[in-house]
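Q: Please read through the structure below; I'll follow up with questions.
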Amino acid sequence: MIIIKTENKLCLSCMELHEVQTVICRELELFKNEEVSFEGQYEYCDRRDTLLEDDENINLNSLAMKNAYRKKMDLLTSDDIMSIRKIYDISQKDFAIVLDWGQATITRYENYQVQDRAHNDILLRVAKDPRWFLEMLERAKDKLSLKSYNKYRQNANDEFIEKANELLSDSIRARYAKYQDSDLCGGVNLDLEKVVEMINYLAQNIDSLYTVKLMKTLWYSDVLHYRREGRAISGLVYRKLPMGAVPDGYKQIIDLDGVRYDEENFGDSTANRFRPSEEFVPRQLSETEIAALDTVISNFGCMNTNEIVHAMHNEEAYKLTEEKEIISYKHADKLSVT
Ligand SMILES: [Zn+2]
């Protein structure tokens with residue numbers, strides 16, 4: 001028995017005014033033929049040595065017992081269900097409408113009723129798959145207010161983008177797993193948040209930043225920081241391609257959430273012109289990392305694509321690397337910028 005509160009009040013056990021303790025006891029109960037252990041909350045009268053449940057305790061203890069049962073049976077708890085609803089910021093009533101369940105179903109699940117396995121699986125899928133939620137939302141459109149419908153749709157779309165970005169990040173990390181803790185990434189493991197910030201910082205400070213220039217300025221920044229501080233910024237691994245250094249997985253990298261570019265047409269071809277996110281402020285990059293980026297911006301920011309490719313071709317690191325091979329950071333001391 002753990003005492004969590006002591007209060008002078010009317011004791012409902014002995015009906016006298018005295019110090020009543022609120023206590024927590026470990027309980028064992030049988031629910032749906034399963035023995036469940038949970039923490040019950042009671043008022044304790046030390047004069048009569050009795051535990052008493054008031055109405056609030058009764059509700060709390062019933063929920064605690066059912067949540068313990070849910071955990072034991074690997075079902076979502078009432079808090080889990082609430083969190084799923086929060087993803088879409090949808091009311092209990094509207095959530096039940098979207099799922100085509102009885103109007104009070106979600107309210108019951110969040111309060112006193114344990115959901116069955118079939119409903120549990122549906123809730124799990126709603127949490128994992130915002131596109132599926134969107135399909136059900138579309139089906140229920142006429143039963144919701146337009147304002148609510150629009151809000152839920154927006155939230156589901158945001159969630160979908162976030163989930164897609166998680167998948168993309170995972171796929172880039174999987175690609176980089178083989179480089180983990182090797183010298184090839186310049187003494188740091190891949191940090192995608194920093195990669196996104198580097199791209200934004202470069203785009204914010206370089207007027208016309210197209211793909212080729214972005215790849216080169218990323219490489220210069222990483223190698224320059226490695227030269228100065230003994231470690232790269234991003235953990236990206238760069239390969240020697242005809243136009244210069246290109247990070248492994250660059251096509252996926254530029255699709256990461258937070259990287260912005262416009263596709264511009266030049267005759268038959270298109271080029272990606274990078275621009276910073278609105279009101280971009282670096283949060284992950286350190287002072288020395290910003291300093292390296294600033295040096296690279298002042299040295300290469302005004303160059304056109306041909307000029308920066310030419311500069312890259314003159315770097316010892318580039319000359320000493322075989323075509324398509326990884327450019328080693330060990331050539332950093334020979335970099336043209338210091
Ligand atoms: Zn009492």
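The values are calculated or read from the model by the stated rules, or taken from the named source; none is laboratory data. Since we're looking at a predicted model, the values are computed, not measured. FYI the Cβ positions are ideal-geometry reconstructions off the backbone, even for glycines, and counts take in every protein chain you see. With ligands, DNA and RNA removed, areas are computed over all heavy atoms of the protein, side chains included. Shrake-Rupley method; radii C 1.70, N 1.55, O 1.52, S 1.80 Å.
Q: Can you give the percent of C-alpha pairs in the chain whose distance is more than 29 Å? Before the final figure, lay out the partial values.
A: Details: 33864 of 56953 pairs.
Percentage above 29 Å: 59.
Q: If we sort 222-233, 91-102 on the protection proxy, mean other Cβ atoms within 10 Å, highest first, what's the order?
A: Ranked by mean Cβ neighbours within 10 Å, highest first: 222-233, 91-102.
Q: For the stretch 26-69, how big is the tail of P(r) above 18 Å, as a whole percent of Cα pairs?
A: Cα-Cα pairs of the stretch 26-69 separated by over 18 Å account for 32 percent.
Q: If you roll a 1.4 Å probe over the heavy atoms of the protein chains, what accessible area per residue do you get for the stretch 78-164, in Å²?
A: Values: 4780 Å² over 87 residues.
For the stretch 78-164, the solvent-accessible area averages 55 Å² per residue.
Q: Which percent of the accessible area of the chain is formed by carbon and sulfur heavy atoms (probe 1.4 angstrom)?
A: In the chain, the share of accessible area belonging to carbon and sulfur is 46 percent.
Q: Moving on. Would you mind getting the Kirkwood hydrodynamic radius of the stretch 1-117 from its Cα pairs, rounded to one decimal in Å?
A: After inverting the pairwise mean of 1/r, the radius is 16.1 Å.
Q: Additional query: Which of the peptides 188-201, 71-84, 272-285 is most tightly packed, and how do the rest follow, going by the mean number of other Cβ atoms within 10 Å of each residue? Show your work: numbers first, answer last.
A: Values: 188-201: 21.3, 71-84: 16.6, 272-285: 14.2.
Descending packing order for the listed peptides: 188-201, 71-84, 272-285.
Q: For every helix of n ≥ 4 consecutive DSSP H residues, a contribution of -39,500 (n - 2.57) applies; sum these over the chain, divide by its total residues, and give [θ] at 222 nm rounded to the nearest 500 deg cm²/dmol.
A: Values: 13 runs with 160 residues, N = 338.
Helices in the chain give a 222 nm mean residue ellipticity of -15000 deg cm²/dmol.
Q: Let me ask another. I'd like the distance separating the alpha-carbon centroids of the stretch 1-59 and the stretch 183-216, in whole Å.
A: Here the answer is 59 Å between Cα centres.
Q: With the cut-off at 20 Å, tell me which of the pairs K178/K213; K5/K86; K178/K324; K251/K324; K71/K93; K151/K194 have Cα atoms farther apart than that.
A: Details: K178/K213 27 Å; K5/K86 31 Å; K178/K324 17 Å; K251/K324 16 Å; K71/K93 25 Å; K151/K194 31 Å.
Beyond 20 Å: K178/K213; K5/K86; K71/K93; K151/K194.
Q: Can I get the semi-axes of the stretch 157-278's equivalent ellipsoid? Compute them from the C-alpha gyration tensor as square roots of 5 times the eigenvalues, in angstrom, largest first.
A: Values: eigenvalues 102, 73, 38 Å².
After scaling each eigenvalue by five and taking roots: 23, 19, 14 Å.
Q: Please state, as a whole number in µm²/s, the translational diffusion coefficient that the Stokes-Einstein equation yields for the stretch 198-338 at 37 °C and 0.692 mPa s, with Rh defined as the Kirkwood radius across alpha carbon pairs. Mind showing how you got there, number by number?
A: Details: Rh = 15.3 Å.
Roughly 215 µm²/s, to the nearest whole number.
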